[in-house]
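J.: What follows is a structure written as structure tokens; I'll ask about it next.
Computed from the coordinates by the stated procedures, all read-outs in this text should not be read as laboratory data. It should be emphasised that the depicted structure is a prediction, and the values quoted were computed from it without experimental measurement. Counting neighbours? That spans all protein chains shown, and the Cβs are built from the backbone with ideal geometry, glycine included.
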Amino acid sequence: MLVGVLSDGVTCAGTSKNMGIGGLFVVTERGFTVGDRLALQVELPGRAAISTGAEVRWVREFADGTTGMGLRFVELPVDAAVAIQEVLRRLDADLTPSWPST
């Protein structure tokens, strides 16, 4: 998923492959600090983008110069929470093996 990150008037792009109702993991080329407050624009697969606030909870720097961050959603709007739950439910159903009936 593509993620737009805004902090202190500076925007950067990031990507995420791991999201839950409480937050997500984002990789960006810009470093942030634990406790930073961010504005996010998250492109959900098959849905409209959501906008929400987030707080950096932990940071991991990678050898390629990118930074991974664990973000906690802050003041997640109800419609955004519903959209996330629907995407997660759909992804879970897609990954759940179907067993042949006997």
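J.: Eigenvalues of the Cα gyration tensor times 5, then square-rooted: what semi-axes does that give for the chain, in whole angstrom, largest first?
T.: Value: 27, 16, 11 Å, ordered largest first.
J.: Sticking with this structure for a sec: Just flag the trypsin sites (Lys or Arg not before Pro) in the stretch 1-87 sitting in loop per DSSP whose Cβ has no more than 15 other Cβ atoms within 10 Å.
T.: R30, R47
J.: Could you work out the helix-only [θ] at 222 nm for the chain, with each DSSP H run of four or more residues adding -39,500 (n - 2.57) and the total divided by the number of residues, to the nearest 500 deg cm²/dmol?
T.: Computed ellipticity for the chain at 222 nm equals -6000 deg cm²/dmol.
J.: What residues from the stretch 1-42 fall in the zone where the backbone N is under 12 Å from a label point 7 Å along the Cα-to-C-beta line of W58?
T.: Hits in the stretch 1-42 for W58 at 12 Å: 25.
J.: Follow-up. Within the stretch 4-72, report the GluC sites (Glu not before Pro) that DSSP leaves as loop and that have at most 11 other Cβ atoms within 10 Å.
T.: E29
J.: Okay, moving on. Looking at the chain as a GNM with Cα springs under 10 Å, which of G68, G46, G31 has the largest mean-square fluctuation?
T.: Residue with maximal mean-square fluctuation among G68, G46, G31: G46.
J.: How high is the relative contact order of the stretch 2-95? Use alpha-carbon pairs under 8 Å, at least six apart in sequence, and give a whole percent. Let's see the in-between values first.
T.: Numbers: 187 pairs, mean separation 23.8, N = 94.
In percent, rounded to a whole number, it is 25.
J.: Once phi is turned into θ = phi - 60°, what whole-Hz ³J(HN,Hα) does the Karplus curve with 6.51, -1.76 and 1.60 give for every residue of the stretch 60-77, x standing for Gly and Pro?
T.: With the stated coefficients, the stretch 60-77 comes to 9, 9, 9, 4, 7, x, 8, 10, x, 9, x, 10, 9, 5, 10, 6, 5, x Hz.
J.: Then there's this: Using modelled amide H (1.01 Å from N, peptide plane; none on Pro or chain starts), what sits under 5 Å from the amide H of L44, excluding residues fewer than 5 places away?
T.: For L44, the qualifying residues are A49, I50.
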